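Visitor: One structure coming up, written as structure tokens, with questions to follow.
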């Protein structure tokens, strides 16, 4: 029973990682940059939902939608202000800018909402399912993960914008020559990723109800690990990597050591990168001179 | 002597001259007691941060790889320094503080260098963003591991424990898990810090201007071209990475032995970012710039107490703006048009200061 409990907890945490990882993975696949600030967009989404629920008395669905709208605008703004001027720059410059952006968001949140941890007002109700105690938050998280993955897969496969995204991720220059608006495509990618981050933020805080300015950074880094694990740029890969990583983390904490949970997760990242740098479902990339 | 060589010599002379001059000035001020208490307390940390910044610059500025785990090496150095110093005092009964300090710093550098080799072997096979995230992961792993590390001494020698605190009777704890390294005798001195900076400068400036240093910079500028010219990319990146790790370990030992406790939370990812800000603000690949920015950014928050709340906010904005201004072609062209005439006035001096950049 303890084993099954851990497994369900792992799946739930993993689903949150997977949703965050989708944002990382899409942005990395299309803009070829590691959006370090993604984890902090999660935190902003969670704070907005918190304000909606706690101060303005909004119903949960409206609060989540509000968080998604704010995060979408935030994502597009970040991309336009900080990343777009660096489209031609080296990856080192872009990465340092993204780290700066991550810090900016954290410190702005610190100024607006203060350093004191807030307890998130939304939490799941526990119910019994075949002899197991399962929180409704867990079920919603897992269901949301599956719905989001299916929707995104359909979006990239069927719609015109989805095709444009795939083109840009394959060859930006050729896509531009074919008349695809690269800047707009990248903006849309950031918008989708940030909206997902808002959902992930709310789900994260529903399961782990402590909200502070650094809430997003560790899950963000772990979700990036998940994206790499599954194969960056691949939507099913992000999902697989996220779920596996969540399960590994919970089992590591349960059976090896609580203190070393993070170390175990990062050790997984290193092993994966050494054995199969493209991740579980990633395609190998050739470097052209 | 060619022009490039002369420029390099002048640059190195300016760097060493400034450091030695600043040291002599500060020594005189200490002797004359015309220096505030809080600033005096900052002297050794400033030395440690300068060494951190210069060594990180070797990795980022010269070998072109972003390492986000530099604070991890610092913590390895700090812990090693604390343990070795405690061991020398408690077990070996070595009374001479200077000798203890030197041995501890060297040991800190060696162990951090060992960590650098262990981390570098897997990490340096990766590139760009992957390398950055894995160095970050290693920094976190190191912090996680020292959090559950227990080291103590008895009359018979050192005792180690991992995960749970199992120590014999009558033990003096040196490293106590999440409490960190405890009861350190603060033996670090400003002179030691100054010597460490000199050692760092000699190592880094010589390495950078040597054949190996040119190879390191070649791998930064164009990995594929360098590889096809027969430069072993992994070997030279490893050289830069491990050298930086050794220096960071020595800085960590100095820093740790300046206070009575060292806790794991002192060496988080934030601390790595702090050093990154020093390096970026001082100029990638500019050693003198790293020294100056590390000094000012360490002193500034102490001087401007009310500014402290906004420090990280300002850092973040500065990081973004510096990156955009130095990397966006349009803004650079605009800046050149605006400041072109002013720059022309300082052309000869600018060449000296910026001589190390390509």
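Visitor: Considering only C-alpha atoms, what is the centroid distance from the range B:232-275 to the range A:47-73, in Å?
Guide: 42
Visitor: Return one number: the angle in degrees, 0 to 90 and rounded to the nearest 10, between the long axis of the Cα atoms of helix B:190-208 and the longest principal axis of the Cα atoms of chain B.
Guide: That works out to roughly 50 degrees.
Visitor: So if R0 is 51 Å, what FRET efficiency would residue B:20 and residue A:183 give, r being the distance between their Cβ atoms, rounded to the nearest 0.05?
Guide: 0.50
Visitor: Now for a separate question. In peptide A:219-227, how many Cβ atoms from other protein chains are near each Cβ within 10 Å, on average?
Guide: If you average over the peptide's residues, the count of other-chain Cβ atoms is 2.
Visitor: How many nm is it between the label spots at residue A:210 and residue B:330, if each spot is 7 Å from the Cα in line with the beta carbon?
Guide: With each label placed 7 Å out from Cα toward Cβ, I get 4.5 nm.
Visitor: Based on alpha-carbon centroids, what's the gap between the range A:212-264 and the range B:7-42 in Å, whole number please?
Guide: 47
Visitor: If I fit a long axis through the Cα atoms of helix A:235-255 and take the longest principal axis of the Cα atoms of chain A, what angle between them do I get, 0 to 90°, rounded to 10?
Guide: So the inclination is approximately 40 degrees.
Visitor: Determine the distance separating the Cα centre of the range B:276-329 from the Cα centre of the range B:147-185; give it in Å without decimals.
Guide: Between the Cα centre of the range B:276-329 and that of the range B:147-185, the gap is 38 Å.
Visitor: I'd like to compare A:85-97, A:222-234: which one has the highest average count of other Cβ atoms within 10 Å, and what's the full order after that?
Guide: By packing density, highest mean first, the sequence is A:222-234, A:85-97.
Visitor: As a check on your grasp of the helix formula, calculate [θ] at 222 nm for chain B: sum -39500 (n - 2.57) over DSSP H runs of n ≥ 4, divide by the residue count, round to the nearest 500.
Guide: That comes out to -23500 deg cm²/dmol.
Visitor: If you don't mind, another one. How far apart, in nanometres, would the label points at residue A:133 and residue B:9 be if each is projected 7 angstrom from Cα along the Cα-to-Cβ direction?
Guide: Result for the modelled spin labels: 7.8 nm.
Visitor: Listing B:159, B:70 from the residue with the fewest other Cβ atoms within 10 Å to the one with the most, what is the order?
Guide: So the residues, fewest neighbours to most, are B:159, B:70.
Visitor: If I fit a long axis through the Cα atoms of helix A:160-170 and take the longest principal axis of the Cα atoms of chain A, what angle between them do I get, 0 to 90°, rounded to 10?
Guide: Computed tilt is about 70 degrees.
Visitor: Now for a different question. For the range B:220-280, just the Cα atoms, rotate onto the principal axes and tell me the three extents in Å, largest first.
Guide: Computed over the range B:220-280, the largest-to-smallest principal extents equal 51, 20, 16 Å.
Visitor: In the range B:64-90, whose amide N lies under 18 Å from the spot 7 Å out along Cα-to-Cβ of residue B:265? List them in ranges.
Guide: Label zone hits: B:72, B:75.
Visitor: Compute the length gained on full extension between residue A:58 and residue A:6: take 0.36 nm times their separation in residues and subtract their Cα-Cα distance, giving the result in nm to one decimal.
Guide: Separation in residues times 0.36 nm, less the Cα-Cα distance, equals 15.4 nm.
Visitor: Kirkwood Rh, Cα Rg: Rg to Rh for the protein assembly as shown?
Guide: Dividing the radius of gyration by the Kirkwood radius yields 0.98.
Visitor: Let me ask you something else. If you bin the C-alpha pair distances of chain A every 10 Å from 0, what whole percents do you get?
Guide: Calculated over all Cα pairs of chain A, the distribution is 7, 29, 36, 21, 6, 1 percent.
Visitor: Could you tell me what percent of the DSSP beta bridges with both partners in the protein assembly as shown are antiparallel, to the nearest 5?
Guide: 100
Visitor: Other chains' Cβ within 10 Å of B:266-274 residues: what's the mean?
Guide: 2
Visitor: Let me ask something else about it. Taking the mean number of other Cβ atoms within 10 Å as a proxy for protection, how do you rank B:97-109, B:76-88 from highest to lowest?
Guide: Ranked by mean Cβ neighbours within 10 Å, highest first: B:76-88, B:97-109.
Visitor: Continuing with the same structure: Can you tell me the FRET efficiency between residue A:123 and residue A:171 if r is taken as the Cβ-Cβ distance and R0 is 45 Å, rounded to the nearest 0.05?
Guide: The calculated FRET efficiency here is 0.45.
Visitor: Same structure again: If I build a Gaussian network model for chain B, linking alpha-carbon pairs within less than 10 angstrom, which residue out of B:337, B:211, B:220 has the largest mean-square fluctuation?
Guide: B:337
Visitor: I need B:269, B:62, B:160 ordered by Cβ neighbour count within 10 Å, fewest first.
Guide: The order, fewest Cβ neighbours first, is B:160, B:269, B:62.
Visitor: Kindly provide the pair-distance distribution of the range B:3-353 built from C-alpha pairs, with 20 Å bins from 0 and whole-percent values in order of increasing distance.
Guide: Values per bin, smallest distances first: 28, 57, 14, 1.
Visitor: Turning to a different aspect of this structure: Can you give me the distance in nm between label points at residue B:299 and residue A:276, each placed 7 Å from the Cα along the Cα-to-Cβ direction?
Guide: Rounded to a tenth, the inter-label distance reads 5.5 nm.
Visitor: Give me the number: length gained by fully extending residue B:118 to residue B:92, i.e. 0.36 nm times residue separation minus the C-alpha to C-alpha distance, one decimal in nm.
Guide: 6.4 nm
No value in this document is a laboratory result; all are computed from the given coordinates. Only a predicted model underlies this, so the values are computations on that prediction, with no experimental measurement involved. Every residue, glycine as well, gets a Cβ built from its backbone with ideal geometry; the counts of neighbours run over all protein chains shown.
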